[in-house]
């Protein structure tokens, strides 16, 4: 199967390419940037999504037509079918799935392009008045928590945003943890929220409010969540070794995706407790704290202001973004906390990306360390959580 690179994440461009990819092909590659990809992919592949993944290193996930459409059909079976609004970039799996659901259901998606704002959201929603056979067609959308936060904040004062939130049959929210207070505020404005869990490797959200979609199985093995079912990716393009390590088969021949997430499954309900590796999800984007730390430590010292060669970066909960990096440094090394944080944010934003920028700096008299001499990151995360 021929693979064509799509260098645009404009949802309209992605939608046009998906119409062909879900049919006779060719397959499309999204989010690849400058990464070199093969010209051919295995038969049946529809989309290759390049993602930073849990390691912060780009991985190109191969998704078949079957996996994408299975996910779309399972979503419709769980929450219903209707018209979808896409307020997300089309180059990420959440955006791709909104478009796939629309194509499978034979509806035209509404699209919010450009910078996301509560006013723009309410304007697009006001035009979503479609009917079929004289009956109103239900509407749906998919958001990340930071977008929901923007809408909830605006809805406190703007009745138009409140009406927009309440107009959807279901609002899927995924990409990172959804703080319960935010969900409660949204629901107080009439929003019907469903929290989703999944990844590119599972063709998007595959667990809704803790319950796997029909056909999806989730288990915890040695504390790590694993997923099986028809929505699984075929593997990583050009990386059979990684594919073999991440997609494994059990004694019965069932194929499982090792998520890298820590969690438990109790009475059929999935609960995610964190990441096994040193990665956080900030604003729906995977951020490798190791990469952030390397950039920070390489900053040239500024006499009298800071030296960050011994600094540590940990993740901490954030009401708006889910999690953000926090810079921890010795008080003796930092004469000007504002200057240190500003320099770190600028360097990290340029080299890793805006979602990876440290949100604040925490000064300590001494960095807690393990017997090995390495920083005690568990203790540092506790300090960061305590503010």
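The values are calculated or read from the model by the stated rules, or taken from the named source; none is laboratory data. Predicted, not measured: the structure shown is a model, and the values here were computed from it. Quick reminder, even Gly has a Cβ in these numbers, built from the backbone with ideal geometry, and neighbours come from all protein chains shown.
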Open item on the list: Could you check segment 332-368 and list, in sequence order, the residues that are within 30 Å of the chain's Cα centre (by Cα), assigned to a helix (DSSP H, G or I) and touching a residue at least 12 places away in the same chain (Cβ under 8 Å)?
Closed with: 340, 341, 343, 344, 345, 347, 348, 351, 355, 356
Task: When residues of segment 9-39 are limited to those that are assigned to a loop (DSSP other than H, G, I, E, B) and touching a residue at least 60 places away in the same chain (Cβ under 8 Å), the one surrounded by the most Cβ atoms within 10 Å (Cβ to Cβ) - done: 31
TODO: Considering only segment 248-331, give the strands (runs of 3 or more DSSP E) lying wholly within it that have at least 1 residues that are under 19 Å from residue 364 (Cα atoms) and touching a residue at least 12 places away in the same chain (Cβ under 8 Å).
DONE: 312-318, 322-330
- [ ] Could you tell me whether any residue of segment 321-332 is within 27 Å of residue 222 (Cβ to Cβ) and either in the same structural domain as residue 260 (by TED's automatic domain parsing) or crowded, with 21+ Cβ neighbours inside 10 Å (or both)?
- [x] yes
Open item on the list: Going by what's in this entry, would residue 230 be described as under 16 Å from the mean Cα position of the chain (by Cα), in contact (Cβ under 8 Å) with a residue 40 or more places away in the chain and surrounded by fewer than 20 Cβ atoms within 10 Å (Cβ to Cβ)?
Closed with: no
TODO: Say whether the condition of being touching a strand residue (DSSP E or B) at 6+ places or on another chain (Cβ under 6 Å) and in a helix (DSSP H, G or I) is met by at least one residue in segment 226-245.
DONE: yes
Open item on the list: Given the condition touching a helix residue (DSSP H, G or I) at 6+ places or on another chain (Cβ under 8 Å), more than 30 Å from residue 126 (Cβ to Cβ), assigned by TED's automatic domain parsing to the domain that holds residue 122 and modelled with pLDDT under 95, answer yes or no: does some residue in segment 209-229 qualify?
Closed with: no
Open item on the list: For the list (1) modelled with pLDDT of 95 or more; (2) more than 23 Å from residue 149 (Cα to Cα), I need the number of the one condition that residue 351 fails.
Closed with: (1)
Task: segment 369-387, residues that are in a helix (DSSP H, G or I) and surrounded by 13 or more Cβ atoms within 10 Å (Cβ to Cβ) - done: 377, 379, 380, 381, 382, 383, 384
TODO: May I ask you to say which residue of 33, 106, 80, 114 is at positive phi and not assigned by TED's automatic domain parsing to the domain that holds residue 247?
DONE: 33
Task: Test: residue 145 is in contact (Cβ under 8 Å) with a residue 40 or more places away in the chain and in contact with a helix residue (DSSP H, G or I) (Cβ under 7 Å, 6 or more places away or on another chain) - done: yes
TODO: Give the number of residues within segment 116-136 that are under 28 Å from the mean Cα position of the chain (by Cα) and closer than 25 Å to residue 205 by Cβ.
DONE: 9
- [ ] Inspect all residues belonging to segment 66-88 and state whether any of them is modelled with pLDDT of 90 or more, under 20 Å from the mean Cα position of the chain (by Cα), farther than 27 Å from residue 215 by Cβ and surrounded by 22 or more Cβ atoms within 10 Å (Cβ to Cβ).
- [x] yes
